[in-house]
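Below is one structure, written out as structure tokens; the observations come after it.
The values are calculated or read from the model by the stated rules, or taken from the named source; none is laboratory data. Since the structure is predicted, the reported quantities are computational estimates derived from the model, not experimental observations. Neighbour counts run over all protein chains shown; Cβ positions are idealised from the backbone, glycine included. The accessibility values were calculated without ligands, DNA or RNA, using every heavy atom of the protein model including side chains. Shrake-Rupley method; radii C 1.70, N 1.55, O 1.52, S 1.80 Å.
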Amino acid sequence: MSTLLAPIVNLGNWLWGLLAAAVVWVVGQEFAPAVMLTIETLLLIVCIVAPLMGAVAYLTLWERKLIGWMQIRIGPNRVTFFGIPWLGGLAQPVADGLKLLVKEIIVPTGSSKLLFILAPIMAITPALAAWAVVPFSPELILANIDAGLLYVMAITSMGVYGIIIAGWASNSKYAFLGAMRSAAQMVSYELAMGFALVCVLMAAQSLNLGDIVRMQEGGWGFLGWFWIPLFPIFLVYLISGVAETNRAPFDVAEGESEIVAGFHVEYSGMAFAIFFLAEYANMILISTMASIMFLGGWLSPVPAALAEAIGLPWLAAGNFGWLLVKLFLVVSSFLWFRATFPRYRYDQIMRLGWKVFLPLTIAYIVVLGAWMQTPLWIWWK
Amino acid sequence: MTFSEFVFYFFAAILVLSALGVITSRNPVHAALLLVLAFCTSAAIWMLLQAEFLAITLVLVYVGAVMVLFLFVVMMLDINMARLREGFWSYLPLGGLVAALLVAEMVIVLGGRYAGFHDMPGPPPLPAGYSNTKELGRLVYTEYVYPFEIAAVILLVAIVSAIALTLRRRKESKYIDPARQVAARASERVRIVKMPVEKKEQE
């Protein structure tokens with residue numbers, strides 16, 4: 001394998017050296033390292049964002065298929081690649097994307113034009129920027145920073161601006177109502193989410209996402225992960241995550257049957273598509289964070305002793321594949337919720353956020369702090 | 001000019017321009033959004049000073065929470081510029097005095113010679129594994145634990161008083177008890193009435 005790849009690696013190294021020399025020639029010796037670092041980071045960002053966008057596109061297909069099966073329908077099964085019948089439905093996201101790309105973007109009269117265009121961009125930027133600190137495997141991470149958890153909290157808290165601005169700039173009452181609803185909802189659930197993260201960082205003794213995963217390691221497989229000691233917090237995080245991404249049953253910001261499509265009612269074509277992409281990218285992000293913090297990230301669910309006993313020791317090794325599996329299961333549960341529950345009434349949403357989740361998480365911080373001082377806490381490293 | 005100086009001037013320029021925009025913009029929503037931009041760029045400048053905890057907390061607290069509520073209120077205001085301008089001349093002396101004070105303070109601080117900044121040594125470079133967050137947490141909960149707790153209690157009192165000032169119960173509002181709603185059963189609410197089938201009379 002490595003001998004086959006050697007020429008490609010050599011070619012890559014040679015091209016990289018050429019680029020480095022060109023950069024030195026253009027900007028001079030002093031600025032060259034900084035410019036090279038910028039180019040390298042940009043390339044790595046593309047390596048993360050491009051597969052993410054693909055995943056988002058196919059998540060929409062998976063959602064329609066899964067909900068279809070749950071409702072005893074087939075789901076999309078017509079659009080196919082090159083006329084091959086057994087690929088039926090697989091090209092649906094490509095067709096949808098093309099359709100949205102060629103449609104006209106209509107800017108309503110009396111709208112604030114600059115902000116109207118800026119809003120979708122402000123919605124998707126935080127959804128993508130948060131991926132910088134996500135550890136995919138022990139080595140695979142773009143920015144291994146100490147305050148990773150804080151960074152994710154800060155970045156995701158900016159996601160609400162896209163929605164508020166879209167609602168305001170549209171010059172439409174439905175859009176404005178949707179923006180107001182979603183702003184109140186996201187601010188309320190962010191508090192519960194923040195306190196849930198405090199519990200995680202207490203248990204992990206670190207804000208670094210890689211260290212949080214390493215703290216759950218210990219040869220016990222899925223029994224060593226934080227979902228056991230932090231089970232109530234895991235549930236709170238998952239439900240708040242559904243509310244944060246404005247997904248059903250918390251989708252009052254869109255509320256098709258009440259306010260048409262809520263904050264993006266005036267958006268068409270690619271501008272609408274970007275809101276759509278942001279929602280799905282956020283969903284994948286929340287699922288990844290839940291997998292990392294409560295389900296052991298890249299760690300294997302198989303206990304080391306069991307893997308030895310059945311003669312498959314590689315099963316206990318942690319890698320990116322395990323994270324993908326966990327992520328897929330959590331994302332699918334988002335779709336499952338949507339197919340199962342009717343929409344919450346608005347006062348019930350507010351009550352759940354402020355009167356149930358917030359006291360629960362604060363009480364659990366105290367319980368956890370006391371628990372960690374006793375010998376019963378077995379998750380120390 | 002080193003790269004970090006370039007980054008500093010880049011963010012500083014955005015910060016100054018957006019701060020100017022906050023006070024010159026006619027639309028309050030635009031002003032609030034420019035203030036958000038100003039917070040984000042000043043967080044980037046703090047990051048250059050290796051104060052990563054403060055920088056991220058600035059974004060988290062001010063951009064993520066305070067400004068969202070601010071924008072929420074500003075969007076719902078119906079602002080009439082003509083009526084706002086009415087009081088301009090009566091407020092001018094007081095505003096001018098405050099502005100002059102601020103300018104004087106800035107000159108004293110930025111002048112440097114009076115504040116003695118050139119005598120101050122720069123902070124020592126920190127090792128790579130140094131965690132700003134951990135150090136701050138340790139100091140706040142050990143050395144400065146009493147001031148920290150007192151500040152927390154004062155904030156709690158402020159929250160309670162703000163809620164007490166605005167909380168008013170309207171007599172005509174109907175209160176819903178969620179426990180009673182959950183406990184409701186169909187057998188208590190629905191009465192199925194059996195009626196004998198009646199034949200339509202033939203004409």
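Points to keep in mind about this one:
- Check on A:PHE222, more than 14 Å from chain B (Cβ to nearest Cβ) and under 19 Å from the mean Cα position of the chain (by Cα): no
- Residue within the range A:320-334 that is farther than 17 Å from A:PHE234 by Cβ, polar (S, T, N, Q) and surrounded by fewer than 16 Cβ atoms within 10 Å (Cβ to Cβ) present: no
- Exclusive hit being within 27 Å of A:GLU254 (Cα to Cα), within 11 Å of chain B (Cβ to nearest Cβ) and either open to solvent by 10 Å² or more (accessible area, probe 1.4 Å) or outside any loop (DSSP other than H, G, I, E, B) (or both), set A:ILE124, A:ILE163: A:ILE163
- Any hit, the range A:3-12, residues being among the aliphatic types (A, V, I, L, M), touching a residue at least 24 places away in the same chain (Cβ under 8 Å), away from chain B (no Cβ under 14 Å) and more than 24 Å from B:PHE6 (Cβ to Cβ): no
- Residues (facing another protein chain (nearest Cβ under 9 Å), open to solvent by 50 Å² or more (accessible area, probe 1.4 Å) and under 18 Å from A:MET193 (Cβ atoms)) located in the range B:62-80: B:LEU69
- Of all the criteria given as (1) under 30 Å from A:ALA363 (Cα atoms); (2) open to solvent by less than 50 Å² (accessible area, probe 1.4 Å); (3) within 14 Å of chain B (Cβ to nearest Cβ), the one not satisfied by A:ARG181 is (2).
- Residue in the range A:93-111 that is more than 30 Å from B:SER4 (Cα to Cα), within 14 Å of chain B (Cβ to nearest Cβ) and not in a helix (DSSP H, G or I) present: yes
- Total residues in the range A:194-216, condition open to solvent by less than 20 Å² (accessible area, probe 1.4 Å) and part of a helix (DSSP H, G or I): 11
- Condition check for A:PHE195: within 14 Å of another protein chain (Cβ to nearest Cβ), farther than 17 Å from A:LEU149 by Cβ and either over 18 Å from the mean Cα position of the chain (by Cα) or not polar (S, T, N, Q) (or both): no
- The set of residues in the range B:23-51 that are open to solvent by less than 40 Å² (accessible area, probe 1.4 Å) and over 17 Å from A:LEU118 (Cβ atoms) comprises B:SER42, B:ALA43, B:ALA44, B:ILE45, B:ALA51.
- Of the criteria (1) within 13 Å of chain B (Cβ to nearest Cβ); (2) farther than 29 Å from A:GLU308 by Cβ; (3) outside any loop (DSSP other than H, G, I, E, B), which one A:ASN144 fails: (3)
- Elements of type helices (runs of 4 or more DSSP H) contained in the range B:103-192, each with 1 or more residues being modelled with pLDDT under 85, out of contact with any strand residue (DSSP E or B) (no Cβ under 9 Å at 6 or more places or on another chain) and of a type in the set (Lys, Arg): B:132-141, B:178-183, B:186-189
- Checking each residue in the range A:227-241 for being more than 19 Å from the chain's Cα centre (by Cα) and open to solvent by less than 50 Å² (accessible area, probe 1.4 Å) picks out A:PRO229, A:LEU230, A:PRO232.
For every residue, the table says whether it meets (1) assigned to a helix (DSSP H, G or I); (2) of a type in the set (Lys, Arg); (3) in contact with a strand residue (DSSP E or B) (Cβ under 8 Å, 6 or more places away or on another chain).
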position	(1), (2), (3)
A:PHE275	yes, no, no
A:ASN282	yes, no, no
A:LEU323	yes, no, no
A:LYS326	yes, yes, no
A:PRO342	no, no, no
A:ASP347	yes, no, no
A:VAL366	yes, no, no
